[in-house]
There are 2 protein chains.
Amino acid sequence: MVSQRGEGETTSTPLEAADKERARAIPEAAVARLAVYLRVLSGMAESGVTAVSSEELSQAAGVNAAKLRKDLSYIGSYGTRGVGYDVEVLVSHIERILGLTRNHSVAVVGIGNLGHALANYGGFPGRGFPVTALFDVDADLVGIPVGGIPVNHIDEITAICLEREVSIGVIATPPPAAQSVCDRLVSAGVQCILNFAPVVLQVPDNVEVRKVDLAVEMQILSFHVARRADEAVHNSNGGVSVGNNGLGVDGMVIRP
Amino acid sequence: MVSQRGEGETTSTPLEAADKERARAIPEAAVARLAVYLRVLSGMAESGVTAVSSEELSQAAGVNAAKLRKDLSYIGSYGTRGVGYDVEVLVSHIERILGLTRNHSVAVVGIGNLGHALANYGGFPGRGFPVTALFDVDADLVGIPVGGIPVNHIDEITAICLEREVSIGVIATPPPAAQSVCDRLVSAGVQCILNFAPVVLQVPDNVEVRKVDLAVEMQILSFHVARRADEAVHNSNGGVSVGNNGLGVDGMVIRP
DNA sequence: TACCGCTTGTGAACGCATGCACAAAGTCGG
DNA sequence: CCGACTTTGTGCATGCGTTCACAAGCGGTA
């Protein structure tokens, strides 16, 4: 099984179909990296670079060269042995695989500090993601444009999302509102959600949720800080517990 | 090797040391989930819930129950068979493992839209992460407090970070400035960095970087949108390419 | 045209993470 | 006090992702 992703490249099937078949087999982790490669490659293209080797590209992207080649192999064989990759060619193929050839209409819900920041990004970095609607509960915000887009009341979410064919919903509300907003987005046919609220969203299977959770990120870093401190203790004296916080991160002066 | 994370729990070694030994063995993925469990548990505690089973907790956290138990087992055995876990106990143990018992001073660099949003979070969600310094290149911003903290010029970054013992640096600058800011943070002794700039940072081995990349998140979602659309085509007619953008995401009206 | 050096693409091995299934261990009711 | 029931903690198998190492393929050169 698993269909042994074509090594023969028999010219029998149309290209489009073959790509789609392949797309299903790309590991999630690789997709994330492809997006990074795309950015690096775009930068190179702007700098006038036309060709690149896996070694160069991998270093710029901060990954292992072998991993990069394997990632690229998921989308096809577009390199030239002995030479490397053509930057333009790679860019266009990655864009196609990531679905960036069509536009994805984005709606941002919750126009607080973060919502403002998101709306003002203006079409989102790397473009192809036009923000077409903003929503908030606060009546005072409704009607006032942010980043050029007028804010609508949250009750209009279903109608407007359907009308503007929003494909990606961004939740930037306070935690208590997140699940309710999510439900409304889902019922408006939105199948992909980017969630900034520190809440675990419950969604049907056919909806894809990605979360960006500051608290979690900070806490992961905190874990590493703690681990480092412990290792330092460990290394400086082979002994056990001179007091686990002997590293002087104590007595810190915090100005509020 | 790998020291077979103690099943015997011989009471020979002090608890503290045992924990640290264990901390090193916790998989990164598990650490991220522990942070999520912690939030869910905190919410439960506030609601007056005192006990919870792995089944309940796992559902609230959106993970498999077995995985949850395995994650918790990395930090020790604090459940009661036949009963479940004591919420308070679990909270305090997770906090300890994540290093949340000490405060981690945070500096935010780049006071644009995002920087404002971050500064105004006010001590960061879940607290324990006091923002003690803000930086920007723009002289017009310097001196004006944001979220109660005055903005300093970026040239002071090294001195102030050292003085206030900043342990986590947050980069919210435009892409071109990110690497330079990163270098300065590192030379100020900051070993953990949270990077919002869409740039691959080059850092020494002893520095931990986590990145939050909106463009990448959006593109991953885009990939899934495309995959869904293809599957839909696939299912509705077994045929090939009725035009790859026949799904009507075209014709969108974008107001600038 | 034939050889040489370089870089890609990938088979295969390895390691980590996930999920299952069950023994161990506790509570509760009688 | 005992037996039945519940839930944890974990050994084991499975699958995914990463890394290695090398054959295949291409351009340049004589």
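A few comments on the model shown:
- Residue in region A:26-68 that is most open to solvent (accessible area, probe 1.4 Å), counting only those that are of a type in the set (D, E, K, R) and more than 9 Å from DNA strand C (Cβ to nearest atom): A:Glu46
- Scanning region A:181-212 for residues that are open to solvent by less than 20 Å² (accessible area, probe 1.4 Å) and either among the hydrophobic types (A, V, I, L, M, F, W, C) or without any contact (Cβ under 8 Å) to a residue 24 or more places away in the chain (or both) yields a count of 11.
- Residue in region B:97-120 that is within 16 Å of DNA strand D (Cβ to nearest atom), in a helix (DSSP H, G or I) and at the interface with another protein chain (Cβ under 9 Å from one of its Cβ atoms) present: yes
- Note on region A:84-109: residues that are open to solvent by less than 10 Å² (accessible area, probe 1.4 Å) and not β-branched (Val, Ile, Thr) total 6.
- Any hit, region A:27-44, residues being assigned to a helix (DSSP H, G or I), at pLDDT 95 or above, away from DNA strand D (no atom under 16 Å from the Cβ) and more than 11 Å from chain B (Cβ to nearest Cβ): yes
- Residues being part of a loop (DSSP other than H, G, I, E, B) and either open to solvent by 50 Å² or more (accessible area, probe 1.4 Å) or at pLDDT 95 or above (or both) - total across region B:129-142: 6
- The strands (runs of 3 or more DSSP E) falling completely within region B:144-243 that include 2 or more residues that are more than 10 Å from every other protein chain (Cβ to nearest Cβ) map to B:149-153.
- If only residues of region A:69-83 that are outside any helix (DSSP H, G or I) and more than 10 Å from DNA strand D (Cβ to nearest atom) are counted, the one that is most open to solvent (accessible area, probe 1.4 Å) is A:Tyr78.
- Failed item in (1) in contact with a Leu (Cβ under 9 Å, 6 or more places away or on another chain); (2) free of Cβ contacts under 8 Å to residues at least 12 places away in the same chain, with A:Ala178 passing the rest: (2)
- So B:Ala215, is it more than 19 Å from B:Ile111 (Cα to Cα) and either open to solvent by less than 10 Å² (accessible area, probe 1.4 Å) or polar (S, T, N, Q) (or both): yes
- Residue list for region A:55-68, filter: within 8 Å of DNA strand D (Cβ to nearest atom) and either outside the structural domain of A:Gly43 (by TED's automatic domain parsing) or among the charged types (D, E, K, R) (or both): A:Lys67
- Selection status of A:Gly84, in contact with a His (Cβ under 8 Å, 6 or more places away or on another chain), more than 28 Å from B:Gly115 (Cα to Cα), in contact (Cβ under 8 Å) with a residue 12 or more places away in the chain and within 16 Å of DNA strand C (Cβ to nearest atom): no
The values are calculated or read from the model by the stated rules, or taken from the named source; none is laboratory data. What you see is a predicted model; the values in this text were computed from it and never measured. Don't worry about glycine lacking a Cβ; one is built from the backbone with ideal geometry, like all the others, and counts go over all protein chains shown. The accessibility values were calculated without ligands, DNA or RNA, using every heavy atom of the protein model including side chains. Shrake-Rupley method; radii C 1.70, N 1.55, O 1.52, S 1.80 Å.
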